[in-house]
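Colleague: One structure coming up, written as structure tokens, with questions to follow.
We did not get these values from a lab; they are worked out from the coordinates using the rules stated. Everything numeric in this text was worked out from a predicted model, so none of it was measured. Every residue, glycine among them, receives a Cβ derived from its backbone with ideal geometry; neighbour counts consider all protein chains shown.
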Amino acid sequence: MPAKSIKILFATPPAGGRAATFEAFAEGGSAFPSTGLLILAAIAVRYGHETVFKDFLNAGSGVEEAVKKISDIKPDWICISSNTDMIL
């Protein structure tokens, strides 16, 4: 019996702490989305799940904007990828 399809949000969180602004992170960070999250999203699609990918970090989104978008998407699961300096 196939598993129930779920909606999964794959996301990089907005910058916080020492990297509180997109500009601060962009100087030493990456302008590319998380390859690991993209691979996991592709696998989830292959198994019949609905996926949404949001790169809040590189979009320069703030926390409030990210929370609003996540609320609008209404995912069953949220998978995130971040570096320690993004959350300190």
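Colleague: Across the range 43-60, in residue order, what do the Karplus-derived ³J(HN,Hα) couplings come to in whole Hz, using 6.51 cos²θ - 1.76 cosθ + 1.60 with θ = phi - 60° and x for Gly and Pro?
Modeller: Running phi through 6.51 cos²θ - 1.76 cosθ + 1.60 with θ = phi - 60° gives 5, 4, 4, 4, 8, x, 8, 7, 10, 10, 10, 10, 9, 5, 5, 6, 7, x Hz.
Colleague: Let me ask something else. Quick one: if you stick a label point 7 Å off each Cα along the C-beta vector at I6 and S82, how many nm between them?
Modeller: Taking the two extended label points, one gets 2.1 nm.
Colleague: For the ranges 61-74, 44-57, what's the packing order if you count other beta-carbon atoms within 10 Å of each residue, average per peptide, and put the highest first?
Modeller: 44-57, 61-74
Colleague: What nm distance separates the two modelled labels at K74 and E50, each placed 7 Å from Cα along Cα→Cβ?
Modeller: Roughly 0.8 nm, to one decimal.
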